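Asker: Sharing a structure here in structure tokens format.
The values are calculated or read from the model by the stated rules, or taken from the named source; none is laboratory data. Small disclaimer: the values here were computed from a predicted structure and weren't measured. Glycine also receives a Cβ, built like all others from the backbone with ideal geometry; neighbour counts cover every protein chain displayed.
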Amino acid sequence: MTATASPQTAEAASDRRQTVARRGWILAWLAFLPLVVFRAGVLSEGDTFWQIRIGRQIIAGHAIPASDAFSWTAHGKPYFQNSWGFDVLLAVADRLGGLPAVAVLCALITLAIVALALALARTLGASAAASAIAFFLALPLLTGWLSARPQLVDYTAVLGLALLLRQIESGRGRSGAAALAGLLAVAWINLHAAALLAVAIAGVSTILLAVTRRGSRWRYAAAATVAAAAGCLVNPYGLGVLHQAGQVQADSSGVITEWAPVNLGNPVQDLTLAAGVAALVVAWRRREATLTAALAVSIVGSAEAVRFLPFVVLLAMPVLATYVSDPPDPIRRYLTSRRVMFQRGGALGFVALVALAVPSLTHIGRPEPATYPVGLVADIPHSCRLFTTDLIGSYVILARPDVPVSLDTRNNLYGPAQLVAEERVLHGRGNVSRGLAGAGCVLVPRTYGLAQRLRNDPHWHVRAADTIAVLYLRRS
């Protein structure tokens with residue numbers, strides 16, 4: 001006789017399987033903790049510093065500043081705050097614990113990004129192991145983009161939107177998901193103006209659901225599109241956010257690297273696009289309208305600006321992890337035969353990440369030492385008009401708000417003409433005397449041409465220097 005399992009035994013076995021599965025996903029998420037700690041060890045993004053300062057302004061004045069107050073080259077010029085909500089979050093964290101707290105806040109957002117990406121992979125049917133492997137392989141393509149800036153909100157929101165649209169696509173909770181898409185857009189647009197991306201993704205999803213004849217689901221996706229569009233208008237600037245989005249691109253194209261079109265001669269960008277196109281094919285063959293739409297929008301956006309590439313990675317990995325979880329027989333046999341190799345390789349990779357992350361625990365939130373001459377910034381005379389680089393200028397805005405700067409990373413404030421002109425002077429080209437007119441101090445890296453030019457200029461003398469940069473003062 002064959003023994004038949006009792007209902008209680010079968011239920012217990014099912015509970016054990018679910019517990020093991022949950023542990024697998026939790027372990028996959030925790031595996032990325034060393035990377036997050038490593039990234040939090042230093043603050044390298046110039047935007048982070050002036051955003052904290054503007055967040056402090058907003059909190060102190062209970063209003064969003066409408067013009068520049070930190071430079072002497074664009075002082076009083078109207079300026080659109082496209083991440084005012086995120087700036088306030090940074091300022092609150094800074095008030096609670098200084099730059100380490102800012103780094104921790106951004107690390108927590110990064111962990112949320114990983115959690116949402118893994119959740120998306122799980123809804124697609126991927127295994128925890130395949131998802132963890134896929135994301136580990138994608139780390140070189142993604143790590144450089146995970147700096148402390150409002151784009152972290154964009155990555156979080158795109159994954160959240162994809163989960164909501166997939167819920168509509170699956171036919172569960174469609175009305176609620178459409179409404180939540182609108183609320184997501186409201187929060188997103190006030191944290192960072194890139195929320196208009198939600199309208200594009202939801203709109204393309206609607207078209208694909210209609211074309212593939214998925215019943216009435218396209219109507220709910222259309223409702224989500226309308227809700228997202230309406231949500232984007234719930235911001236202090238109203239329709240002005242549309243003009244601002246186009247203005248930022250116009251001011252940045254050809255000047256700022258991340259606004260440049262994708263470079264097919266760059267191996268990292270090529271690999272990112274290849275992964276995105278492969279995932280797009282898999283998503284289309286699986287009739288995944290949401291992921292097909294999101295990947296298509298991100299790939300097309302990358303052709304205009306490389307800042308869309310991280311969206312390609314984050315959306316492609318869940319799809320590719322799903323494919324690897326249930327591959328064709330030849331690939332399955334190969335993966336099974338190399339299981340031990342993959343396990344050992346993954347373990348070595350994790351150990352390497354831990355080894356990189358542990359030293360970062362001693363300096364969480366430290367400004368990048370090779371970029372920001374903290375000691376020299378403290379030595380700048382009070383109220384001295386400073387000519388400097390965009391990165392150093394951004395740090396000066398936070399550390400020395402009494403010192404007006406010539407430049408920082410708010411490229412849409414200064415405009416391409418001024419950025420190019422100051423870049424020439426920084427490299428010691430052209431009429432340096434005319435370029436420095438109005439400046440009383442110069443703080444530039446030692447390797448810059450301007451540092452070499454001023455060394456022998458009788459109108460300037462060295463106030464202080466370190467291994468990174470030199471601080472010059474104009475002689476009276």
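Asker: Identify, by number, the condition in (1) free of Cβ contacts under 8 Å to residues at least 24 places away in the same chain; (2) crowded, with 19+ Cβ neighbours inside 10 Å that Q151 doesn't meet.
Answerer: (1)
Asker: Inspect all residues belonging to the stretch 68-88 and state whether any of them is crowded, with 22+ Cβ neighbours inside 10 Å, over 26 Å from A245 (Cα atoms) and assigned by TED's automatic domain parsing to the domain that holds L163.
Answerer: Within the stretch 68-88 (the criterion being crowded, with 22+ Cβ neighbours inside 10 Å, over 26 Å from A245 (Cα atoms) and assigned by TED's automatic domain parsing to the domain that holds L163), the answer is no, since none of the residues qualifies.
Asker: If you scan the stretch 407-425, which residues turn out to be in contact with a strand residue (DSSP E or B) (Cβ under 9 Å, 6 or more places away or on another chain) and not aliphatic (A, V, I, L, M)? Spell out the reasoning first.
Answerer: Pass one, the stretch 407-425, residues in contact with a strand residue (DSSP E or B) (Cβ under 9 Å, 6 or more places away or on another chain): 407-408, 410, 413-414, 422, 425.
Listed by number, the residues that qualify are D408, R410, Y414, E422.
Asker: Here are some residues: L398, L386, L391, L320. Which one is in contact with a strand residue (DSSP E or B) (Cβ under 6 Å, 6 or more places away or on another chain), surrounded by 14 or more Cβ atoms within 10 Å (Cβ to Cβ) and not hydroxyl-bearing (S, T, Y)? Break it down into steps so the answer makes sense when it comes.
Answerer: Values: L398 fails: in contact with a strand residue (DSSP E or B) (Cβ under 6 Å, 6 or more places away or on another chain); L391 fails: in contact with a strand residue (DSSP E or B) (Cβ under 6 Å, 6 or more places away or on another chain); L320 fails: in contact with a strand residue (DSSP E or B) (Cβ under 6 Å, 6 or more places away or on another chain).
Only one candidate passes the filter, namely L386.
Asker: Just the residues that are within 15 Å of S394 (Cα to Cα) and in a loop (DSSP other than H, G, I, E, B), please, taken from the stretch 57-74. I'd like the intermediate steps shown before the answer.
Answerer: At the first step, the residues of the stretch 57-74 found to be within 15 Å of S394 (Cα to Cα) are 68-74.
Within the stretch 57-74, D68, A69, F70, W72, T73, A74 meet the criteria.
Asker: Can you spot a residue in the stretch 157-165 that is surrounded by fewer than 21 Cβ atoms within 10 Å (Cβ to Cβ) and over 20 Å from T409 (Cβ atoms)?
Answerer: Yes - at least one qualifying residue is present in the stretch 157-165.
Asker: Scanning the stretch 392-434 for residues that are part of a helix (DSSP H, G or I) and of a type in the set (S, T, Y), which turns out farthest from Y472 (Cα to Cα)? First the steps, then the outcome.
Answerer: At the first step, the residues of the stretch 392-434 found to be part of a helix (DSSP H, G or I) are 392-399, 411-426, 432-434.
Imposing the further condition that a residue be of a type in the set (S, T, Y) reduces the set to 394-395, 414, 433.
On the way: S394: 18, Y395: 18, Y414: 24, S433: 14 Å.
Among them, the one singled out is Y414.
Asker: Hey, can you tell me all the residues within the stretch 79-98 that are touching a Leu at 6+ places or on another chain (Cβ under 6 Å) and touching a residue at least 40 places away in the same chain (Cβ under 8 Å)?
Answerer: Y79, G85, F86
Asker: Can you pull out every residue in the stretch 270-309 that is hydroxyl-bearing (S, T, Y) and within 16 Å of V211 (Cβ to Cβ)?
Answerer: As a first pass, look at the stretch 270-309 and keep what is hydroxyl-bearing (S, T, Y): 272, 290, 292, 298, 302.
Matches in the stretch 270-309: T290, T292.
Asker: Listed residues V420, V462; which is over 26 Å from Q51 (Cα atoms) and surrounded by fewer than 19 Cβ atoms within 10 Å (Cβ to Cβ)? Break it down into steps so the answer makes sense when it comes.
Answerer: Details: V420 fails: over 26 Å from Q51 (Cα atoms).
Result: V462 is the single residue among V420, V462 that is over 26 Å from Q51 (Cα atoms) and surrounded by fewer than 19 Cβ atoms within 10 Å (Cβ to Cβ).
Asker: All but one of (1) touching a Phe, Trp or Tyr at 6+ places or on another chain (Cβ under 7 Å); (2) closer than 22 Å to G46 by Cα hold for I168, so report the exception by its number.
Answerer: The failed condition is (2).
Asker: Taking I64 as the residue in question, decide whether it is at pLDDT 85 or above, over 22 Å from L108 (Cβ atoms) and surrounded by 13 or more Cβ atoms within 10 Å (Cβ to Cβ). Working first, answer last.
Answerer: On the way: at pLDDT 85 or above: yes; over 22 Å from L108 (Cβ atoms): yes; surrounded by 13 or more Cβ atoms within 10 Å (Cβ to Cβ): yes.
Taking the combined requirement at face value, the residue satisfies it.
Asker: Sort out which residues of the stretch 191-225 are among the aliphatic types (A, V, I, L, M) and under 30 Å from P65 (Cα atoms), and write them in order of number.
Answerer: If we filter the stretch 191-225 for residues that are among the aliphatic types (A, V, I, L, M), which is where we start, we get 191, 193-202, 204, 207-211, 221-224.
Those that are among the aliphatic types (A, V, I, L, M) and under 30 Å from P65 (Cα atoms): L191, A193, A194, A195, L196, L197, A198, V199, A200.
Asker: Given the structure, is P416 of a type outside the set (F, W, Y), under 22 Å from G41 (Cα atoms) and touching a helix residue (DSSP H, G or I) at 6+ places or on another chain (Cβ under 7 Å)? Give the derivation first.
Answerer: On the way: of a type outside the set (F, W, Y): yes; under 22 Å from G41 (Cα atoms): no; touching a helix residue (DSSP H, G or I) at 6+ places or on another chain (Cβ under 7 Å): yes.
When the stated conditions are applied, P416 does not pass them.
Asker: May I pose another question? How many residues, within the stretch 36-56, are over 9 Å from D87 (Cα atoms), in a helix (DSSP H, G or I) and either without any contact (Cβ under 8 Å) to a residue 24 or more places away in the chain or hydrophobic (A, V, I, L, M, F, W, C) (or both)?
Answerer: So the first thing to find is which residues in the stretch 36-56 are over 9 Å from D87 (Cα atoms), and the list is 36-47, 49.
Now narrow it down to the ones that are in a helix (DSSP H, G or I): 36-40, 46-47, 49.
Still in the running and either without any contact (Cβ under 8 Å) to a residue 24 or more places away in the chain or hydrophobic (A, V, I, L, M, F, W, C) (or both): 36-38, 40, 49.
So the count comes out to 5.
Asker: Scan the stretch 374-391 and give yes if some residue there is in a loop (DSSP other than H, G, I, E, B) and within 27 Å of the chain's Cα centre (by Cα), otherwise no. Don't jump to the end; show me each part of the working.
Answerer: Of all residues in the stretch 374-391, those in a loop (DSSP other than H, G, I, E, B) come to 379-385, 389.
Still in the running and within 27 Å of the chain's Cα centre (by Cα): 389.
Yes; the residues of the stretch 374-391 include at least one that is in a loop (DSSP other than H, G, I, E, B) and within 27 Å of the chain's Cα centre (by Cα).
Asker: What are the residue pairs meeting all of these: first residue in the stretch 245-262, first residue at pLDDT 65 or above and among the aliphatic types (A, V, I, L, M), second residue in a helix (DSSP H, G or I) and surrounded by fewer than 14 Cβ atoms within 10 Å (Cβ to Cβ), Cβ atoms under 6 Å, and 6 or more apart or on different chains?
Answerer: V262/A303
Asker: Looking at G440, G428, which one is surrounded by 16 or more Cβ atoms within 10 Å (Cβ to Cβ), over 18 Å from C384 (Cα atoms) and among the small types (G, A, S)?
Answerer: Values: G440 fails: over 18 Å from C384 (Cα atoms).
When all the criteria are applied, what remains is G428.
Asker: Then there is this: Here are P318, P330: which of them is more than 27 Å from the chain's Cα centre (by Cα) and not basic (K, R)?
Answerer: Unique residue meeting the criteria: P330.
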